[in-house]
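One structure is given below, encoded as structure tokens.
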Amino acid sequence: PAAGDDNGGGFILAAGADLLFPLLLVVGLYIVLHGHVTPGGGFQGGVILAAAFFIPVLAGAGRALDERLLGLVEGMAGTAFIVIGLLALLGQGAFLQPWLGTGEPGSLLSAGTLPLLYLAVGLKVGAELAGLLSHLAAPAGEEG
């Protein structure tokens with residue numbers, strides 16, 4: 001990089017990361033939300049979501065992820081998973097038993113609470129993995 005260039009990865013790497021971010025975000029959300037209909041689900045979609053937020057960190061030296069926000073998202077997603085399971089336990093008598101109505105098999109709204117569970121898992125995995133990778137990518141003296 002040129003002297004005074006704030007971007008340690010260079011223009012091409014930063015531009016590529018900026019182009020990949022929305023694509024990975026859409027693909028990750030698609031996999032999370034369609035996990036009960038297609039191969040994939042919360043974990044796989046969460047990893048793609050983590051990559052969407054981490055690639056720009058790798059591409060630009062000045063970019064960083066807010067680890068407090070990631071911790072909040074991770075905690076809220078874990079809490080949502082437990083709450084959905086407990087509501088099922090109270091209403092249906094079994095932990096994580098789908099308690100929302102089911103629709104036509106194969107459609108997006110066909111699995112009761114499973115899409116909500118996949119969303120919670122996807123957000124938890126994505127936030128945790130993005131935070132871990134961000135922490136590993138931080139220079140030695142800048143741990144937060």
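The values are calculated or read from the model by the stated rules, or taken from the named source; none is laboratory data. Everything numeric in this text was worked out from a predicted model, so none of it was measured. Cβ: placed from backbone, ideal geometry, glycine included. Neighbour counts: every protein chain shown. Heads up: the accessible areas ignore ligands, DNA and RNA and are worked out on the full protein's heavy atoms, side chains in. Shrake-Rupley method; radii C 1.70, N 1.55, O 1.52, S 1.80 Å.
What's the number of the only condition in (1) modelled with pLDDT under 85; (2) open to solvent by 80 Å² or more (accessible area, probe 1.4 Å); (3) of a type outside the set (Val, Ile, Thr) that Leu114 fails to meet?
Among (1) modelled with pLDDT under 85; (2) open to solvent by 80 Å² or more (accessible area, probe 1.4 Å); (3) of a type outside the set (Val, Ile, Thr), Leu114 violates only (2).
Of the conditions (1) open to solvent by 40 Å² or more (accessible area, probe 1.4 Å); (2) at pLDDT below 85; (3) not small (Gly, Ala, Ser), Leu69 fails just one. Which one is it?
Only one criterion is unmet by Leu69, namely (2).
Out of the residues in the range 9-26 that are open to solvent by less than 60 Å² (accessible area, probe 1.4 Å) and among the aliphatic types (A, V, I, L, M), state the one that is nearest to the chain's Cα centre (by Cα). Break it down stepwise before answering.
Quick first cut of the range 9-26, residues open to solvent by less than 60 Å² (accessible area, probe 1.4 Å) only: 9-10, 14-17, 24-25.
Next, only the ones that are among the aliphatic types (A, V, I, L, M) stay: 14-15, 17, 24-25.
Numbers: Ala14: 21, Ala15: 22, Ala17: 17, Leu24: 10, Leu25: 9 Å.
That would be Leu25.
Under the condition of being in contact with a Gly (Cβ under 6 Å, 6 or more places away or on another chain) and not charged (D, E, K, R), which residue from the range 53-97 is farthest from Leu117 (Cα to Cα)?
As a first pass, look at the range 53-97 and keep what is in contact with a Gly (Cβ under 6 Å, 6 or more places away or on another chain): 59-61, 67, 70, 95-96.
Still in the running and not charged (D, E, K, R): 59-61, 70, 95-96.
Details: Ala59: 32, Gly60: 33, Ala61: 35, Leu70: 19, Phe95: 12, Leu96: 9 Å.
Filtering first and then ranking leaves Ala61.
When the residues of the range 117-143 are filtered to those that are modelled with pLDDT of 75 or more and of a type in the set (D, E, K, R), which remaining residue is least open to solvent (accessible area, probe 1.4 Å)?
Applying the filter and picking the extreme gives Lys124.
Here is a check on your reading of the model: is Ala52 of a type in the set (Gly, Ala, Ser), under 17 Å from the mean Cα position of the chain (by Cα) and open to solvent by less than 40 Å² (accessible area, probe 1.4 Å)? Walk me through how you get there before you give the answer.
Working: of a type in the set (Gly, Ala, Ser): yes; under 17 Å from the mean Cα position of the chain (by Cα): yes; open to solvent by less than 40 Å² (accessible area, probe 1.4 Å): yes.
Answer is yes for this residue.
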